[in-house]
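The values are calculated or read from the model by the stated rules, or taken from the named source; none is laboratory data. These numbers were taken from a predicted model, which means no experiment stands behind them. So basically every Cβ, Gly included, is an ideal-geometry build from the backbone, and we count neighbours across all protein chains shown. Each accessible area value is taken on the protein alone, full model and side chains, heavy atoms only, with ligands, DNA and RNA left out. Shrake-Rupley method; radii C 1.70, N 1.55, O 1.52, S 1.80 Å.
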Amino acid sequence: MIVLTLAEVAQLTGGELHGAADDGAAVTGAVTLDSRSVGRGDLFVAVAGERVDGHDFLGAAAEAGAVAALATRPHDALPCVVVADPVAALGRLAAGVHDRLVASGLITLAITGSSGKTSTKDLLGQVLAAAGPTVSPPGSYNNDIGLPLTVLSADAGTRFLVLEMGSRGVGHIARLCRVARPRIGVVLNVGSAHLGEFGSPEGIAQAKGELVEALPDDGTAVLNADDGRVVGMAPRTRARVVTTGQRDDADVRATGVTLDDAARARFTLVAAGEEHAVALQVVGVHQVANALSAAGAALAAGMTPADVAAALSAAGPRSRWRMEVERRPDGVTIVNDAYNANPESMRAALAALAGLTGTRRIAVLGPMAELGPDAAAEHERLGRDAAAGVDLLVAVGADAVGIADGASAAGRRAGEESVHVPDRAAARELLGQLLRPGDVVLVKASRSYGLELLAADLLTAGASADRARADGDTA
Ligand SMILES: Nc1ncnc2c1ncn2[C@@H]1O[C@H](COP(=O)(O)OP(=O)(O)OP(=O)(O)O)[C@@H](O)[C@H]1O
Ligand SMILES: [Mg+2]
């Protein structure tokens, strides 16, 4: 965060400063919404959430060292910049700071798409870090709160700012682009995440394309040529277009893609008339598309193809619960991909499972949320498609029953190879009995179903099973 006086905070947010003895006092720390993480010199933003209201923690924030707060009303404990809507004010503050940082040379890159935003951001952040100081925090931070907080974590020394932009409706990405107008915009894919809210894939394409509409003349739109709806956004931008993908006519492409026995891709990166070998550390063939998008953006930011290829090959996983592959001491491998799920990301994860070496492949799949009226049919289709590639499919939760039905309809023996269990506890018990050394288990569902906890339980169950064996306990 750059240092801002309270007067500047008031000016940038359009708020009114109350309770400051000295309006030259400055925010010298971070901007934060969580009173528990406030440090000296921070600006505390009081936001009313579903369960707690930040305004109840203004005293605690002051005690922890906050220099001021952004709030809807003044408080005795500390100076407050009073605004009608602290989240909107946070956006205005970030926009003001972003303008200053751009004027001093910051390059902002933004990524959107239905699946793979965080994975691509994490690759791109690591690639750009090889070229200069980069802000690209782990996790999603892709909404009206997370994005401005990310912007505000940059400072005058930051060369590259990598932002993730999420969208649940028309106008959302346009709004995020008003907070931090990117120079380089990456669109990954148009799938069915949040189809329920958007109504149709065309609606999703309309919304995701707001990113390329916001790019300046001297900017670059990095579009995935393997997705017709994405490359179809080209006429919507004034910026130069760079295409990425497996197609021969893509500007940045991958040839000779192979997977090692840990399902990590190797390929030749072809760009700007050069060819360089890449060996990814992250898991799943879907990461090739993400890596190409990251490469297109890093090249647009001025890196050489050789440096991009080397940095891609060194980049590891950064954010939790995305294809986290861990091996238990007893030889069972758990793949925790439980961060989120939609039909495309389920298929990407199942393809990665198929590429992992193991004796039995087991998919433990929970429901996919927010799919709208087609939800039941989508679950069944997924189960049918999954059936061929797995030895056992366990569908977890009432909303996932269609996955088990689909797998059974596609020939998996119901109750043996295709099993439905009501909840996490039942899944844990079943797998506790079933798992054998050499098994590879994929755990995935939409975020709200908390299957990352099941994945964690399965990992520790393996550790205790191993300890029990070491103790000679055969019960
Ligand atoms: N390019 C891709 N195509 C399809 N599926 C993908 C792709 N990249 C990642 N995935 C899958 O999607 C899951 C979520 O990935 P990631 O967190 O990167 O997506 P996201 O777009 O940031 O999601 P969210 O909207 O929840 O923030 C991964 O765990 C993986 O299973
Ligand atoms: Mg994300």
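Relative contact order for segment 206-290: what is it in percent, counting Cα pairs under 8 Å that are at least 6 residues apart?
Value for segment 206-290: 19 percent.
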**Label point 7 Å beyond Cα of ARG240 along Cβ direction - residues of segment 307-351 with amide nitrogen under 20 Å** = 307-309
**Extension reserve of the ALA409-GLU274 stretch, reckoned as 0.36 nm per residue once the Cα distance is removed** = 43.8 nm
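Which shape class applies to segment 359-461: rounded if a/c is under 1.5, otherwise prolate when a/b exceeds b/c and oblate if not, where a ≥ b ≥ c are the square roots of the Cα gyration tensor eigenvalues? Could the numbers behind the result be given before it?
Details: a/c = 1.96, a/b = 1.23, b/c = 1.59.
Oblate, since a/c reaches 1.5 and b/c is not below a/b.
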**Request:** Enumerate the calculated ³J(HN,Hα) couplings along segment 48-58 in order (Karplus 6.51 cos²θ - 1.76 cosθ + 1.60, θ = phi - 60°), each rounded to whole Hz, writing x wherever the residue is Gly or Pro.
**Result:** 7, x, 5, 9, 10, 10, x, 5, 6, 10, 5
**Request:** Mind ranking 441-448, 79-86 by how tightly packed they are, going by the mean number of other C-beta atoms within 10 angstrom, highest first?
**Result:** 441-448, 79-86
**Request:** Calculate, for segment 1-149, the solvent-accessible area per residue in square angstrom, rolling a 1.4 angstrom probe over the heavy atoms of the protein chains.
**Result:** 40
**Asked** What part of the accessible area of segment 361-406, given as a whole %, is carbon or sulfur when the probe is 1.4 angstrom?
**Response** 48
**Computed log₁₀ I(q)/I(0) - Debye formula, equal Cα scatterers, no solvent, segment 83-151, q 0.11, 0.15 Å⁻¹** = -0.30, -0.55
**Item:** Pair HIS55, ALA174: separation of 7 Å Cα→Cβ label points (nm)
**Value:** 3.1
**Item:** Cβ crowding within 10 Å averaged over residues, with 343-349, 191-197, 315-321 ranked highest first
**Value:** 343-349, 191-197, 315-321
**Message:** Probe radius 1.4 Å, ligands and nucleic acids ignored: give me the carbon and sulfur share of the accessible area of segment 202-261 as a rounded percent.
**Reply:** 45
**Prompt:** With the Cα gyration tensor of segment 1-95 giving a ≥ b ≥ c as the square roots of its eigenvalues, does the rule (a/c under 1.5 for rounded; else a/b larger than b/c for prolate; else oblate) give rounded, prolate or oblate?
**Reply:** rounded
**Request:** Give the carbon-plus-sulfur fraction of the accessible surface of segment 30-104 in %, rounded to a whole number; probe 1.4 Å, heavy atoms of protein chains only.
**Result:** 49
**Prompt:** What shape does segment 48-125 have by the C-alpha gyration tensor, where a ≥ b ≥ c are the square roots of the eigenvalues, rounded means a/c under 1.5, and otherwise prolate means a/b greater than b/c and oblate the rest?
**Reply:** prolate
**Prompt:** Can you list the HN-Hα couplings for segment 408-415, worked out from phi with the Karplus curve (6.51, -1.76, 1.60; θ = phi - 60°), rounded to whole Hz and with x for Gly and Pro?
**Reply:** 5, 4, 8, x, 7, 5, 4, x
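Leaving out ligands and nucleic acids, note down the accessible area per residue over segment 211-294 with a 1.4 angstrom probe, in whole Å². Walk me through the numbers before you get to the answer.
Details: 3540 Å² over 84 residues.
I get 42 Å² per residue for this part.
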**Complete:** Stretched fully, the stretch from ASP248 through ALA425 gains (0.36 nm per residue minus C-alpha distance, one decimal, in nm) 58.9 nm
**Prompt:** Modelled label-to-label distance, ALA398 and GLU63, 7 Å Cα→beta-carbon offset: nm?
**Reply:** 4.3
**Item:** 1.4 Å probe accessible area per residue over segment 308-407, in Å²
**Value:** 36
**Request:** Calculate, axis by axis, the spread of Cα positions in the chain along the three principal axes, and write the results as whole Å, longest axis first.
**Result:** 72, 56, 45
